[in-house]
1. As a test of the formula, what do you get for chain B when each DSSP H run with n ≥ 4 contributes -39,500 (n - 2.57) and the sum is divided by the residue count, at 222 nm and rounded to the nearest 500 deg cm²/dmol?
2. Before anything else, pin down the relative contact order of region A:227-271: Cα pairs under 8 Å, at least 6 apart, normalised by residue count, whole percent.
3. Along the positive direction of the dipole of the protein assembly as shown (beta-carbon charges: Lys, Arg +1; Asp, Glu -1; about the Cα centre), which of A:348, A:190, B:177 reaches farthest?
4. Counting alpha carbon pairs within less than 8 Å and at least 6 residues apart, what relative contact order, in whole percent, applies to region A:154-272?
5. Run the dipole for region B:67-133 about the Cα centre, Lys and Arg Cβ at +1, Asp and Glu Cβ at -1, nothing else charged, and hand back the magnitude in debye, nearest 20.
6. Convert 25 °C to kelvin, take the viscosity as 0.890 mPa s, use the Kirkwood radius over C-alpha pairs of region B:293-370 as Rh, and evaluate the Stokes-Einstein diffusion coefficient in µm²/s, rounded to a whole number.
7. Among the listed pairs A:235/B:624; A:6/A:174; A:230/A:277, which are separated by more than 31 Å between their Cα atoms?
8. Using the charge dipole of region A:537-643 (Lys, Arg: +1 at Cβ; Asp, Glu: -1 at Cβ; taken about the Cα centre), state which of A:540, A:569, A:555 has its Cα farthest towards the positive end.
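The values are calculated or read from the model by the stated rules, or taken from the named source; none is laboratory data. If you're wondering where the values come from, they're calculated on a predicted model, not measured in any experiment. All Cβ positions, glycine included, derive from the backbone under ideal geometry; neighbour counts span all protein chains shown. Note: accessible area is taken over every heavy atom of the protein model, side chains too, but ligands, DNA and RNA are not part of it. Shrake-Rupley method; radii C 1.70, N 1.55, O 1.52, S 1.80 Å.
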Protein chains: 2
Amino acid sequence: MDAVEKANSGHPGMPMGMADVAAVLWLEHLRHSPKDPHWLGRDRFVLSAGHGSMLLYALLHLSGYRVSLDDLKQFRQWHSRTPGHPEFGETDGVETTTGPLGQGFANGVGMAIAAQMEAAHTGCSMLKTRVLGIVSDGDLMEGISAEAASLAGHLQLDNLLYVYDDNRITIDGKTDITFSDDVAVRFRGHHWDVYQMNAHDVAEIERTLTQALGNLRRPTLVIARSHIAKGSPGKQDSPEAHGAPLGAEEVRRAKQALGLPDEPFYVPEAVRELFAKRAQVLEAERARFEERFEAWRTHHPEGAKKHAALRAFTPPADVLTELLAAAGTEAAATRVLSGKVIQKAAALFPRLVSGSADLASSTKTDIKATTSVQAGMFSGRNLHFGVREHAMGAVMNGIALHGAFQPLGSTFLVFSDYMRPAIRLAAIMKLPCVFVFTHDSLMVGEDGPTHQPIEHVASLRLIPNVHVLRPADGPEVAAAYAHALQRTDGPSILCLTRQNVPALERAPGFDVRDLLRGGYLLQDAPGAAGTLVATGSEVSLAVAAARLLQERGTTVRVVSVPCLEVFLAQDEEYRRAVLPPGLPAIALEMGRPEIWCSLTGSLERVIGVTRFGASAPAGVLAEKYGFTPAAVAERVQQMLAAR
Amino acid sequence: MDAVEKANSGHPGMPMGMADVAAVLWLEHLRHSPKDPHWLGRDRFVLSAGHGSMLLYALLHLSGYRVSLDDLKQFRQWHSRTPGHPEFGETDGVETTTGPLGQGFANGVGMAIAAQMEAAHTGCSMLKTRVLGIVSDGDLMEGISAEAASLAGHLQLDNLLYVYDDNRITIDGKTDITFSDDVAVRFRGHHWDVYQMNAHDVAEIERTLTQALGNLRRPTLVIARSHIAKGSPGKQDSPEAHGAPLGAEEVRRAKQALGLPDEPFYVPEAVRELFAKRAQVLEAERARFEERFEAWRTHHPEGAKKHAALRAFTPPADVLTELLAAAGTEAAATRVLSGKVIQKAAALFPRLVSGSADLASSTKTDIKATTSVQAGMFSGRNLHFGVREHAMGAVMNGIALHGAFQPLGSTFLVFSDYMRPAIRLAAIMKLPCVFVFTHDSLMVGEDGPTHQPIEHVASLRLIPNVHVLRPADGPEVAAAYAHALQRTDGPSILCLTRQNVPALERAPGFDVRDLLRGGYLLQDAPGAAGTLVATGSEVSLAVAAARLLQERGTTVRVVSVPCLEVFLAQDEEYRRAVLPPGLPAIALEMGRPEIWCSLTGSLERVIGVTRFGASAPAGVLAEKYGFTPAAVAERVQQMLAAR
């Protein structure tokens, strides 16, 4: 109440409504270490209802994390440890960034999968840690939670328990204006175990959680019938309490009703003692874990080695060279070349796990040397996410957050729209997820406009901290993986073709390290009238157009820009060498053109696509949309003449 | 089989697996009119599993729609009536564009809601037509279908029935590698009625569908245990049959097994006769409907008038003037101004229905003079979509497709990511949906980076055929609604502020019709050194910066561009008058800058945001991110000097 009041902004209702449950969960069940927030043996606590951040901050403060009373007083202020919604990386003990509803739910599923996998991969059952969390009706209304629940039930995750804060209040009124699911039945349909309890009867909470956690044999939902803003005489059970301060007078009344002194940020001594006692218990538990884990390592050198390969991994010396060899230089679809590179990458990066939203046979992202993760069988490295792109993204984030594995997930580029909120969160959290999106242009062909990306490459580039890579051939595919797998501060997206692309010719003496600089001069031309800039499948088109132009007496240089973000981050000298300022640059990409103005200076010098595609064979579409060598050469000539 | 074979591309498995069910549905239950595909009294058939398009085209052909055998032979070819996935507007009898999974499921829910509403609004129960469809396991794995099913169950739609093609085969193998939901239990949890049947026992299909449709008292799922590629001796029950031609030899074998001659595109005479007979029955039914409907109109002049207002609506003469009066000229948040305009718009446009994903109290989109749509009560015009943005988008599409209403839906701009696939389909289908997205910049403040849009305005502009409007004050909000409500060939998106914005001063003699031209000169300045271009809340910031610059001796013009797409579509003369080519243009928008290069020629002349936001009061963020009048004036001066 006090922190929200002081910030004059925030959500007091949920923290008050869930305080009883959270207290029991943290004081009796959650295994964690305030002294070592990254303790391997810890349970993950996920507050999917991230707007209830003050509940989490209060728990972290009381538990002894680096969250002081002063930090609580800085709630929602610039660069504080207590931002409006929990932000991973900003506050010790915050396991994931939540707020956009449903994401935390699915992150937790990812963490639970990762813990099962870490235990199975190493053979160390102690590592099968648990995920405990709190979810709201908003989380359960979002489709992503249904996807994640279905996947969790399929995998029979016996290390996942969520308490559902069933307060029956939503922002616009009572939940019964829009939500009347029988949640228990629904989750049983997903093969979860379901319990019910009164969220304000401590004995019942203790009994129920003890029973549920004692019998965790599949994912479990505990429906806690609660009252939002519990303890506030005037605002309990009221939608107003969801997202606005209670008001000074109501805070005063609530404290009176709760028997608390009228003093801001007051913590009763008895509460401090309870948490201090719990901290002692937890530290003893951690010490026991460390001792047992050390013993396990001694007795299981093979397992310990595998564990080190996951948790203390350093990439091999020359990843690029190895992946270049794996990619080869043959002409093929970049998705096929990617499929070859992945096999080598999986050997070099034991942390890599690969999954697909039911399109692995098309995206070619299965790791062949391993098996599929299934219920009770977590030693494989291939994940079947099902037709659940959104959950795939958020589960990948959960796997990355857990820390033992680096997740790769694939689908068609056009369906990246289904998982965009999860990609954005990967970028905010700086997670090294690898998204592989194939069928990356109009050249999808017959499947038509619903399956042909037009705006997707461009709009993914707009998400801050995302690297979008659109490789043109085998060497560029190899470099894209070298980049993505070694990136540590954010996600990478690979956009790959369905159709075959030619192998590019590079000048003798070409420095392969330039493949990692986002853009490079592929083909020089003395006395050139301009530079043709292209990505992915359009690079070979640019080369073909340049050849035609040369036949007509106009020479142009060809530059490949597999990753615009990385190229723009190069030093000015390099950028100017690739794109000499005096020479007009013309960009060619089979998608929305606007973003290329930043290189060409004008929309008139970008050859792109601004309307939806159509159902027809790819070759026909290339003709109709002007992406043949002749059509491109013609337009380049016009553009150069129009100067 | 033959069409897919001829195209050498497509999905034969689903059409073959669902042929028995579809035949019974179309020959015995579906009310429609091949002679009048837009018949008011028709049931809507939704093929949510759009990849099974050949099933639908075959049914349309046999039923007598304008789909000839030649059209079937043109399957998946350029500009044919039989594109790879069903496309609304391209083929008579195709009620919605499907393919991206789950969308059709939710479109059908929207159509069913709209039919209930049309009946309730007019008092004509005959208009409560039904929605019948086929959905696949892919549809049911997508979260959007869970959201839509939950909403449909909440509203107890007694005019919606889906057959679930339970073929247990998915692209990557058997569904049991990833999908083990008890679908019947799950849907009962959503308060649906559930039936089960064998998809290949015609008597059982007849019995089940007759029973289910005879007792339709809530949304109903009929689980049809089927075999993909039924009838193909070698490929039945095989994942290969999903998305690739069977192959000439297998087609031959299948025809042999089915007792059909080895002749492409052969239709048995008995089948033709069955469908011809059904067509006669349907035409008689349509004639009866028309007669009864005419009688209803005669006896219910009030209802008939209301019906005409929905179905034969022409907008009033001067919408803009009326809405300008409603908006007023006071300083307020544009979401608040929008709330005022909506009330007037609802009076002028009886077709307008408004909903929100549980944020109406923040987005201010409720229509005050009406009630909420609830189970059994469909006479209101406010929809509670719940925290289900994705279903909201697709349900809106369904409402628009139904044809009686124009849907408006609202949430926070950052959550537009959750519904992007539905927005894209609205654009592809040219539906006049109105999406209202508030809290449109960093100025969201304390809620932090997860709630602060950075890339959203820009990335929505990239979807072809979407008009993104970001109004700056009351008059611009009025104009945005005038535009969106009168647009007939695609969706409009309004981006509105959370925070207050000042009322802009316009020169005497300002022509308000310029508000509809996407961009206009707000403030001239003789001898200006440049033009400052801004949108939304940044227009008043540009005005304030211009004032500071003037004090320092630099004059700049100020241009407001509430809708870039509309502005770029104006004639060159107008555009040049607004942005004289000789004068440097500098763009100012609190979001990704790249798209503005198309006006400024250079990224160096755009003031935008390229990194994520942070949790802090809005005023602090304005300081930190350089969006104060002083900071903007400073940067403009530098930019003008750098020329």
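1. Calculated mean residue ellipticity at 222 nm is -12500 deg cm²/dmol.
2. 31 percent
3. Positive-most Cα among the choices belongs to A:348.
4. Details: 160 pairs, mean separation 35.8, N = 119.
The normalised contact order for region A:154-272 reaches 30 percent.
5. Details: 5 positive and 7 negative charges, 36 e Å.
Here the size comes out at about 180 debye.
6. Values: Rh = 14.4 Å.
The calculation lands on 171 µm²/s.
7. Working: A:235/B:624 36 Å; A:6/A:174 27 Å; A:230/A:277 26 Å.
Checking Cα-Cα distances, A:235/B:624 exceed 31 Å.
8. Working it through, the farthest residue towards the positive pole turns out to be A:555.
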